[in-house]
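Single-structure report; data block below.
The values are calculated or read from the model by the stated rules, or taken from the named source; none is laboratory data. Keep in mind it's a predicted model, so treat the numbers as computed, not measured. When we count neighbours, we look across all protein chains shown, and the Cβ atoms used for this are built from the backbone with ideal geometry, even at glycine. For accessibility, only protein heavy atoms count, side chains too; no ligands or nucleic acids. Shrake-Rupley method; radii C 1.70, N 1.55, O 1.52, S 1.80 Å.
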Amino acid sequence: MKTTLLTGSALALATVLALTACGGSAQSSPEATKATCPNGEIKFGIEPYEDPAKLKPAYDVLAAALSKKLECPVSVQVVEDYAAEVLAMRNGKLDLGQFGPLGYVFADAKAGAEPLVSFGTAEKELSTYTAGIWVPKDSPIQAIGDLKGKSLALGSVGSTSGDVLPRYGLREAGIADADVKMDYTGGHPEALLALTNGKVDAAQINSQTLATAIAAGTFTADNFRQVWTSNPIPNDPITVRGDADPAFKAAVKDAFLSLDPADVAKVGEFLDVTPPGPLLEVTKDDYTPLFELAETMGLTEKDL
């Protein structure tokens with residue numbers, strides 16, 4: 001699936017969860033073990049697009065299923081920020097990594113990350129999400145063009161929907177970054193909270209965060225209005241290190257593609273993929289619009 005759009009860093013790994021180790025079975029050949037578990041463990045990095053304490057249980061389920069398929073322990077590492085994940089993969093500290101769409105652009109350039117799969121719908125189509133800007137229901141702001149001189153809560157620097165796409169929307173409306181009081185809150189949930197607590201005039205809230213917050217009862221959409229939305233964004237790719245053994249790449253892709261939708265359902269809830277479907281194969285071509293966005297906005301790795 002190609003999506004047309006122009007619409008989301010490198011010190012420490014925040015949380016490391018080592019899942020139950022699975023030794024090779026009696027019928028596993030040395031060649032098979034080498035392909036599926038070349039270093040005795042698979043390190044899987046996750047960007048912090050939601051509270052790590054909430055992400056960890058969801059990825060525990062996915063990683064446990066992957067570990068069973070590959071007969072190899074999988075450790076999930078929730079990284080500190082977008083640049084940290086890119087750096088960790090470049091330095092060989094991650095075998096696999098789930099990146100935000102724009103984060104993948106830099107992971108491709110700086111770490112040779114290769115996309116394997118992304119999250120499918122129940123209809124077995126690649127899922128998408130949208131960036132958005134919301135204001136209180138009674139706000140005089142009616143459109144993105146009314147944000148000049150106003151305060152806008154953003155997520156993390158370098159986030160696709162929490163930073164770059166809203167700024168692209170402002171540019172398209174003829175508003176320079178300097179004309180808006182931008183408040184980087186540190187994440188999607190934090191930006192939403194800034195709006196609901198009345199700290200800002202507007203906030204970026206993507207469709208994923210919106211669905212999670214409504215389900216949790218922390219956001220009442222009737223009290224707010226959406227004044228801007230992006231075109232659909234292809235959902236996060238799960239990637240493999242480019243210099244990994246080809247046999248390992250193939251084995252991991254096959255394992256991901258064979259997972260039951262129930263194995264990824266909890267992760268899918270955070271990505272607004274409900275009801276859940278299977279993981280589906282993706283290639284670099286599926287993320288062409290994000291490469292174009294980075295070029296249009298003049299982004300470099302320093303912008304992560």
Residue count for region 100-159, restricted to those that are of a type in the set (S, T, N, Q) and touching a Gly at 6+ places or on another chain (Cβ under 7 Å): 4
task: Check I133, I144 and return the single one that is surrounded by fewer than 23 Cβ atoms within 10 Å (Cβ to Cβ) and farther than 20 Å from G268 by Cα.
output: I144
- prompt: From K150, K110, which residue is under 24 Å from E190 (Cβ atoms) and open to solvent by 40 Å² or more (accessible area, probe 1.4 Å)?
  reply: K150
